[in-house]
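Written out below as C-alpha cells is the structure these notes cover.
The values are calculated or read from the model by the stated rules, or taken from the named source; none is laboratory data. Owing to the predicted nature of the structure, the values given are computational and were not obtained by experimental measurement. Backbone-built Cβ (ideal geometry, glycine too); neighbour counts: all protein chains shown. Note: areas computed on protein heavy atoms with side chains; ligands, DNA, RNA excluded. Shrake-Rupley method; radii C 1.70, N 1.55, O 1.52, S 1.80 Å.
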Amino acid sequence: MSDFQAPLHEECGVFGIYDKAGTEDVAAAAYSALYALQHRGQESCGIAVNVDGVITGHRDLGLVNEVFTPAVLGSLPAGGKMATGHVRYATSGSRTRANAQPMVVRHCKGTIALCHNGNLTNAAALRHELEMQGAIFHGSSDTEVICYLVTRARLQTASIEAAISNTMDLLDGAYSLVIMSPAKLIAARDPHGFRPLCIGTLPGGGYVFASESCALDAVGAEFLRDVAPGEIVIADYNGLRSMKDHCGTAKSTMCVFEFIYFARPDSTIEGSSVHEARKQAGRFLAMEHPVEADVVIGVPDSGLDAALGYSQQSGIPYGIGFIKNKYIGRTFIQGSQKQRENSVRIKLNAVKSTVEGKRVVLIDDSIVRGTTSARIIKLLRDAGAKEVHFRVSAPPFKYPCYFGTDIPDQKLLVATGRTVEEIRQVLGADSLGYLSTEHVVKLAQKSKCGFCTGCFTGRYPVDPPPQEPEDLHERPLHESEKKKVL
Ligand code: SF4
C-alpha cells in the first residue's frame with residue numbers, strides 16, 4: 001500500500017496520564033504522547049486536563065503541532081494531576097470539530113472526558129433509541145453515543161467504573177476507551193480486544209494508558225501490561241485496580257492489521273514486537289513465494305521490516321531501493337492531472353544503483369486500489385530494474401472493515417473480482433505473491449490473543465451492522481420531505 005497515496009486509515013489513538021506525585025506537567029506529557037501516536041490519526045486531536053477535579057480542554061481539526069501551538073499548549077491549566085489526549089481519523093462520523101476528542105461532557109454527578117478508538121457496530125441503533133427518548137447529539141460519531149450511555153448509567157450507579165461496566169453491556173464492536181472523571185482515570189477495552197490499549201507506570205508514581213507502547217516511551221513511562229479484552233482498569237489515589245466482569249465473554253480477535261500496518265514498529269502489542277511481527281511476515285512470504293532474485297527492497301516505511309525478513313529467510317541481499325522525500329506534508333498540492341500522476345515520483349524516488357540491471361523483490365504491506373503499486377513498479381523499471389517480483393505482507397483486501405479501519409468501497413479494491421494473476425497484470429509485475437491467511441495470524445509469535453481477519457476473509461467476529469444507515473443529520477432533505485413538517 002505504502003504511505004504515498006490513499007493509505008488505509010486507522011481511526012484513533014488514545015492516551016491518559018494519572019500522576020499521583022504531581023511532579024509531571026500532564027498537559028505536556030499528553031502533547032508528547034499524541035506526537036508519538038500521530039500515525040493513528042491526522043484529522044483532529046485534543047487534550048483535556050484535570051486540575052483538582054475541574055476538567056477543561058482544547059480540541060480542533062489538524063495535526064498535533066498545528067492544533068497545539070505554544071500559545072494553545074501554554075493556555076491549558078497548570079497544576080493538574082490527570083490529562084487525556086486523542087488523535088483522530090474519522091471512520092465514523094464526519095470530519096468536524098464536534099467529533100474531535102476528548103469529548104468533555106458535564107452531567108449531574110460531575111464531568112467526564114472520553115477518548116475512543118474503534119467503531120461500534122450498533123451505534124446507529126443505540127443512537128436512534130436514545131434520540132427517541134429525547135437525547136440531543138452535537139456531532140455524528142459513535143463516541144458521543146458512548147458518552148451519553150455512560151452519563152445516563154451514572155445516574156443509577158455508585159461509581160463511574162460501574163457506569164462504564166453497565167454501558168459495556170450495551171455496546172457491540174470495537175472500543176478502546178480512556179475516560180477521565182474528576183477523581184479517576186479509567187481504561188476499558190471491548191471483550192474482543194479489537195484495538196490495542198496498554199498500561200505504563202510513571203517513575204514518580206502514577207499510571208499511563210495508551211493505544212501503543214511507543215506513547216509510554218515518549219513520556220518516560222515503563223510498560224506494565226496490556227489492558228485485557230473486556231477489562232476495566234481504574235487508576236486513582238489508591239493505585240491501580242481492575243474489573244473483569246466482561247473478560248472472557250467473547251473470543252479475542254485483535255485486529256491483525258495493527259501488526260501489518262497501523263502500529264509503529266517500535267511498539268509492543270499483546271506481548272509481540274510490531275517490528276518482529278513484520279519481519280516474520282517477510283520470512284513467511286519468502287517461504288510461500290520464493291523467487292530467484294538479486295536484491296530485496298521494501299516500500300518505505302511499512303514495507304521495510306518485511307523486506308528485511310524476506311532477505312533473512314531467502315538469503316537474497318537486502319537493499320535500500322527507495323528514498324522518501326521527508327519534506328512533503330499534507331499540504332502538497334496536486335493541482336493538475338500531470339502533478340497527480342507524478343505525485344508518487346515526487347514523494348518517492350528509486351535508488352538506481354540498487355536496482356539497475358537487477359532482478360528485484362519488492363515488498364509492501366498491502367495493496368488497496370493498486371494504482372500506487374503500479375506506479376512504484378514503473379519507477380523501478382524506469383530506474384533499470386530487470387525484473388520486479390512483488391510480494392505483499394498481507395492477504396488481498398476484499399471486504400470492508402466495521403471495527404475502525406477505513407477501507408475504500410469494495411468496487412475500488414484491486415482484489416475485488418480479480419485473480420492474483422489478473423492483479424499481477426494490472427500492476428505490471430513479473431510475479432506477485434500475497435501472504436496467506438494461515439500465516440497472517442501467526443505473525444505475532446509471542447501473542448496469545450486471537451485475530452480478526454475479516455477484511456481478508458469476509459468472516460467477522462461480530463455481525464456487521466445490518467445495513468449502513470443513512471445519517472439523517474448529514475444529508476439534504478429528499479424532495480418528498482421538503483413539504484412535510486419535520
Ligand atoms: S476487518 Fe481487517 S482492518 Fe478491520 S479489525 Fe478486522 S483485521 Fe482489522
Can you go through V72, V64 and tell me which one is open to solvent by less than 30 Å² (accessible area, probe 1.4 Å), at pLDDT 95 or above and either among the β-branched types (V, I, T) or within 30 Å of V462 (Cα to Cα) (or both)? V64
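Yes/no matrix, rows are residues, columns are (1) over 30 Å from V368 (Cα atoms); (2) in a helix (DSSP H, G or I); (3) open to solvent by 30 Å² or more (accessible area, probe 1.4 Å); (4) away from the ligand (no atom under 16 Å from the Cβ):
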{"site": "I234", "(1), (2), (3), (4)": "yes, no, no, yes"}
{"site": "R241", "(1), (2), (3), (4)": "yes, no, yes, yes"}
{"site": "C247", "(1), (2), (3), (4)": "yes, no, yes, yes"}
{"site": "F259", "(1), (2), (3), (4)": "no, yes, no, no"}
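Return the residues of the range 109-162 that are of a type in the set (V, I, T), over 24 Å from the mean Cα position of the chain (by Cα) and in a helix (DSSP H, G or I); say none if nothing qualifies.
Residues of the range 109-162 that are of a type in the set (V, I, T), as a first pass: 111-112, 121, 136, 143, 145-146, 150-151, 157, 160.
Checking which are over 24 Å from the mean Cα position of the chain (by Cα) leaves us with 111, 136, 151, 157, 160.
Passing the criteria: T151, I160.
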Flagged in the range 165-180 as buried (at least 24 other Cβ atoms within 10 Å of the Cβ), of a type in the set (S, T, Y) and more than 14 Å from V145 (Cα to Cα), in numbering order, are S176
Look at the range 170-180 and say how many of its residues are in contact (Cβ under 8 Å) with a residue 60 or more places away in the chain and either under 19 Å from R127 (Cα atoms) or within 16 Å of the ligand (Cβ to nearest atom) (or both). 5
For S302: the one exception among (1) away from the ligand (no atom under 16 Å from the Cβ); (2) modelled with pLDDT under 90; (3) not aromatic (F, W, Y): (1)
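Any residue that is open to solvent by 70 Å² or more (accessible area, probe 1.4 Å), of a type outside the set (G, A, S) and more than 16 Å from the ligand (Cβ to nearest atom) - is there at least one of those in the range 446-462? Show your work before the answer.
Filtering the range 446-462 for residues open to solvent by 70 Å² or more (accessible area, probe 1.4 Å) gives 446, 448, 459.
Add one more test, that the residue is of a type outside the set (G, A, S), and what stays is 446, 448, 459.
Keeping just the survivors that are more than 16 Å from the ligand (Cβ to nearest atom) gives 446, 448.
Within the range 446-462, one or more residues are open to solvent by 70 Å² or more (accessible area, probe 1.4 Å), of a type outside the set (G, A, S) and more than 16 Å from the ligand (Cβ to nearest atom).
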Could you list all residues from the range 71-130 that are within 20 Å of S181 (Cα to Cα) and among the basic types (K, R)? K81, R106, K109
May I ask you to say which residue of F223, F209 is farther than 24 Å from V105 by Cβ and among the aromatic types (F, W, Y)? F223
Out of A83, A90, report the one residue that is of a type in the set (G, A, S), crowded, with 16+ Cβ neighbours inside 10 Å and at pLDDT below 95. A90
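Quick one: is R345 touching a Lys or Arg at 6+ places or on another chain (Cβ under 7 Å), at pLDDT 70 or above and not hydroxyl-bearing (S, T, Y)?
no
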Here are some residues: R40, R59. Which one is at pLDDT 95 or above, of a type outside the set (S, T, Y) and more than 22 Å from I164 (Cα to Cα)? R59
Does T437 satisfy being over 18 Å from D305 (Cα atoms), free of Cβ contacts under 8 Å to residues at least 60 places away in the same chain and within 11 Å of the ligand (Cβ to nearest atom)? yes
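Here is a yes/no grid of residues against (1) more than 17 Å from R359 (Cα to Cα); (2) open to solvent by 40 Å² or more (accessible area, probe 1.4 Å):
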{"site": "A263", "(1), (2)": "yes, no"}
{"site": "V274", "(1), (2)": "yes, no"}
{"site": "H289", "(1), (2)": "no, yes"}
{"site": "G298", "(1), (2)": "no, no"}
{"site": "L308", "(1), (2)": "no, yes"}
Of those in the range 366-417 that are part of a loop (DSSP other than H, G, I, E, B), surrounded by 24 or more Cβ atoms within 10 Å (Cβ to Cβ) and under 21 Å from the mean Cα position of the chain (by Cα), the residue nearest to the ligand (Cβ to nearest atom) is F403
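Which of the residues spanning the range 186-196 are more than 16 Å from the ligand (Cβ to nearest atom) and of a type outside the set (A, V, I, L, M, F, W, C)? Give the steps one after another, and end with the answer.
Kept after step one, since they are more than 16 Å from the ligand (Cβ to nearest atom), are these residues of the range 186-196: 186-188.
None; the set is empty.
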Check A221, A183 and return the single one that is more than 14 Å from the ligand (Cβ to nearest atom), of a type in the set (G, A, S) and either without any contact (Cβ under 8 Å) to a residue 12 or more places away in the chain or surrounded by fewer than 24 Cβ atoms within 10 Å (Cβ to Cβ) (or both). A183
